[in-house]
Amino acid sequence: MTFDISNLRIGLILSMLTLIFGISMGVLFGANEGGVKQYISDGIATHQSVHDKKSESKIWRYAQRSHFHATGVGGFALVLVLMAGLTTLSRKMKFAASTLIGIGSFYPMAWLSMFLLSLSLGRDAAHHAVITELITYVTVGCLSLGILMVMAGLVVNFNRDGASAVLHLSSN
């Protein structure tokens, strides 16, 4: 039995890029955590008026969340893309679902945006920055839609003529 991944390729690549990003952040923290924390301290010192006592620990946490989310979301996005390939969805629907999931795996970039912007703008402004919110809404929307498509492909027996009214719950 062969498994054709050609219609899943973009989703697979995007979710793997997210995993690579997450692993790279972990390597950076492991190799130079002190340098990252110094970068945060320097940014806060340069823009003191937009920071408080909690800024340093909160901004460090944004960087960590970017790493944690990249490895977590990247991993489950990869599995969801592969699951899309196992559904009865058409090739076009599998392509759409896997691409949406792959785009959705980039959600950790919202945390990276908050980390980078918070140094000069402050935490609240970085959280509500247009780029941060755009990344959040686009990626969460894409991921949610992709998950729904995969779920539909697992539950409903799709064929070339469209969805069947019969639920596809058995393995036969």
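The values are calculated or read from the model by the stated rules, or taken from the named source; none is laboratory data. Owing to the predicted nature of the structure, the values given are computational and were not obtained by experimental measurement. Cβ coordinates were reconstructed from backbone atoms using ideal geometry, including for glycine residues, and neighbour counts include every protein chain displayed.
Assorted remarks:
- Residues of segment 1-56 satisfying the condition of being assigned to a helix (DSSP H, G or I), over 21 Å from Ser120 (Cβ atoms) and of a type outside the set (A, V, I, L, M, F, W, C): Arg9, Gly11, Ser15, Thr18, Gly22, Ser24, Gly26, Gly30, Asn32, Glu33, Gly34
- Hits in segment 45-69 - residues which are over 30 Å from Ile103 (Cβ atoms), of a type outside the set (A, V, I, L, M, F, W, C) and touching a Lys or Arg at 6+ places or on another chain (Cβ under 9 Å): His51, Asp52, Lys54, Ser55, Glu56
- Val130 meets the stated requirement of being over 17 Å from the mean Cα position of the chain (by Cα) and among the β-branched types (Val, Ile, Thr).
- Residues that are surrounded by 12 or more Cβ atoms within 10 Å (Cβ to Cβ) and within 24 Å of the chain's Cα centre (by Cα), drawn from segment 41-60: Lys58, Ile59, Trp60
- Single match in Ile13, Ile59 (criterion: under 14 Å from Phe106 (Cα atoms) and out of contact with any Asp or Glu (no Cβ under 7 Å at 6 or more places or on another chain)): Ile13
- Top-ranked residue of segment 107-153 - restricted to ones that are of a type in the set (D, E, K, R) and free of Cβ contacts under 8 Å to residues at least 24 places away in the same chain, ranked as nearest to Ile20 (Cα to Cα): Glu133
- Tabulated pairs, segment 24-50, first at pLDDT 95 or above, second among the charged types (D, E, K, R) and in a helix (DSSP H, G or I), C-beta under 8 angstrom, 6+ apart or interchain: Lys37/Glu56; Ile40/Glu56; Ser41/Glu56; Ile44/Glu56
- Flag for Val140 being closer than 27 Å to Lys94 by Cβ and either within 17 Å of the chain's Cα centre (by Cα) or surrounded by fewer than 17 Cβ atoms within 10 Å (Cβ to Cβ) (or both): yes
- Gly122 vs. criteria surrounded by 18 or more Cβ atoms within 10 Å (Cβ to Cβ) and at positive phi: yes
- Taking the numbered list (1) of a type in the set (Ser, Thr, Tyr); (2) out of contact with any strand residue (DSSP E or B) (no Cβ under 9 Å at 6 or more places or on another chain); (3) over 19 Å from Ile135 (Cα atoms); (4) crowded, with 18+ Cβ neighbours inside 10 Å in turn, Thr87 passes all entries but (2).
- Reported count of residues in segment 90-119, each being buried (at least 24 other Cβ atoms within 10 Å of the Cβ) and over 30 Å from Ser41 (Cβ atoms), is 8.
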